[in-house]
Structures are given as structure tokens and as C-alpha cells.
Amino acid sequence: MHRYRGRTITEQDIAFVRALIAAEPRASRRSLSQKVCEAWDWRQSNGALSDLVCRGLLLHLERSGALVLPPRRYVPNNPLAKRLRPAFVVVDQRPIRCSLRELGPLTYRQVRRTPEEALFNGLVAEHHYLGYTQPVGAHLKYMVYAGERPVAALSFSSAPRHLGARDRFLGWSPTARQQNLHQIAYNPRYLILPWVTVPHLASHVLGAMARLVPMDWKRLYGHRLLFLETFVDSERYRGTCYRAANWKVLGVTTGRGHNDKTNQQTRSIKQVLGLPLERRFRELLAVVR
């Protein structure tokens, strides 16, 4: 018996895959993965086949000696293995110093997979202290404009699988976390452009995100969000704008990172903050189907 991404793979499952391979020994690994997904009804929350996850499972089974996959047809170029730094972008950097009222109405644009995505990537790479890292899994990217001038950029992505402070706050079981983690989105980057000085702008934008992100997430990924979360580096920031936007401090990280093998702190301690999006968020996130 094997475990992969929370799924139990039995000997009967492995025998089924072996039979598929024996029936079509020249089939591509991709077509094999799709047939396995269809047979097991293994799908993402938006209804699409979990093809990439299934291909990872098949490689795991081959490496463990449980089966032998068909030969690779080709090795595709992996842009994630050697990703270029986003191109530098030129924008108007004249200082903006005014009140939120004087700034006027703001425009929020979800820019992932649009021509404006390069602007988001370039600004975050140039001006965010963590630089730009391509989000993994489901994600959204937002540009915020005052008139035609960008003033902020922020992103939301799939939530970390294990986060002690959050998991204790929600009080959910490991099974509930496995089944419902897709209903939480993580805010990995938030940038107010350095030439913009507008009191209360940061919390105002976060308030708008609490309304926009759930709608866009449901439209793109087919399911609702119940909770937002983020980290704040306590050595640099206090997280004031999040708290002003009704985010709650859930606790702190251990500073060990998700690939820790030493049980020693290797990173700065960060505050964990969260924002419930519905009143019954705990009850709904604890549901086990």
C-alpha cells in the first residue's frame, strides 16, 4: 500500500495500472495518466482531471519498483527549472503623497494571463523585498491603479499544506485539512509602490481584496473560498494594515521552513494572520465528506 498526496493506493490500484500498461505498451505517459484519472474519477475542484498529480504518482510508483512505465516519448522543456527574472518595467515614479480621499477611486484588475501580468511581475521583482517568485498551483495577481498610475500589486495562491498556527486556530482534523485546504488562499506578496505615500491605502486595498478574491477564485477555479491567510516578517513589519482590515493574528511560525530536516530555526519568525470570509468558516472547513 502506498500514500501519495493524501491518497491511499492499494495493490488492486497498482494492478489496474499495470493492466493498462500491458494493454497499450506504446501509449504515452500522459494518455496513461488521463485514463487512470478517468477510471478513478480523480479530479480537481473545478472538475478538470488531476493529470499532473497523477503523473507524479505514476513516477513515484515506478521509483518504488511497483511498476514500469512506458518509455518517455520526449523530455519537455521545464520553464520552472530555470526561470528568468521578470523584465524590468518602466513606470511613472513621481511621488504620490495625498490622502486616500484625494487619491480618488481605485481600479482593481486581476492580471494573471493578461498583458498586464508582466507589469505585476516586473514591479514585484524590482520593489518587493522578497523579489518575485512564480506562485505554484491556483493563483491570482492583482494590480491596483489610481487613474492610470499603478499604486499597488498583490497576489493570492494555494495555501501551504501544513501551518501550525492556522491549523490550531481552525481546529480541523488532518482529514478535514486534506479535503478542504483548497478553500483557503494565501497572500504571498503585497506591495505598495515605494513612491506612494497615502495613509490607510494598504488596509483599504485589503478590504477590497476580501470582496474581489472570493469572486474571482470562484469564477476561475469553480469553488468558493472560506479563509485568507498570510505571513508578516516581524523583523521588518508589524502587520498594522492587515489588522486594520480585520485580519486576525493566529500565531507565529517556527522559522524552520517547509523543507526542514534539522528541527532548527533557519528563517525569521513570522506572524501568521488570517481573515475569515464567512461566519461559519470553522464549521464548513471542518466538514469531512
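What follows is calculated from the coordinates using simple rules that are stated; it is not laboratory data. Keep in mind that this is a model prediction, so the values were computed, not measured. Glycine also receives a Cβ, built like all others from the backbone with ideal geometry; neighbour counts cover every protein chain displayed.
Helix 51-63 and the longest principal axis of the Cα set of the chain meet at an angle near 50°.
Relative to one another, the C-alpha centroids of the range 267-282 and the range 175-191 are positioned 10 Å apart. Cβ-Cβ distance of Ala48 and Arg282, R₀ of 30 Å, FRET efficiency by 1/(1 + (r/R0)^6): the value works out to about 0.55. In summary, the aspartates and glutamates within cross-link reach of Lys35, defined as a Cα separation below 16 angstrom excluding same-chain residues under 8 places away, comprise Asp13, Glu24, Asp51. Given Pro150, Ala125, Tyr108, which one lies farthest toward the positive end of the charge dipole of the range 106-151, if we put +1 on the Cβ of every Lys and Arg and -1 on the Cβ of every Asp and Glu? The residue sitting most towards the positive pole is Tyr108. Computed from backbone phi, the HN-Hα couplings of the range 217-229 come to 5, 5, 5, 8, 10, x, 8, 8, 9, 10, 7, 10, 8 Hz, rounded to whole numbers (Karplus: 6.51 cos²θ - 1.76 cosθ + 1.60, θ = phi - 60°; Gly and Pro given as x). Its convex hull of Cα atoms gives the chain a direction-averaged projected area, equal to a quarter of the hull surface, of 17.7 nm². Converting phi to 3J(HN,Hα) with the Karplus coefficients 6.51, -1.76 and 1.60 and the offset θ = phi - 60°, the range 153-163 yields 9, 8, 10, 9, 9, 4, 7, x, 5, 10, 8 Hz in sequence order, with x at every glycine or proline.
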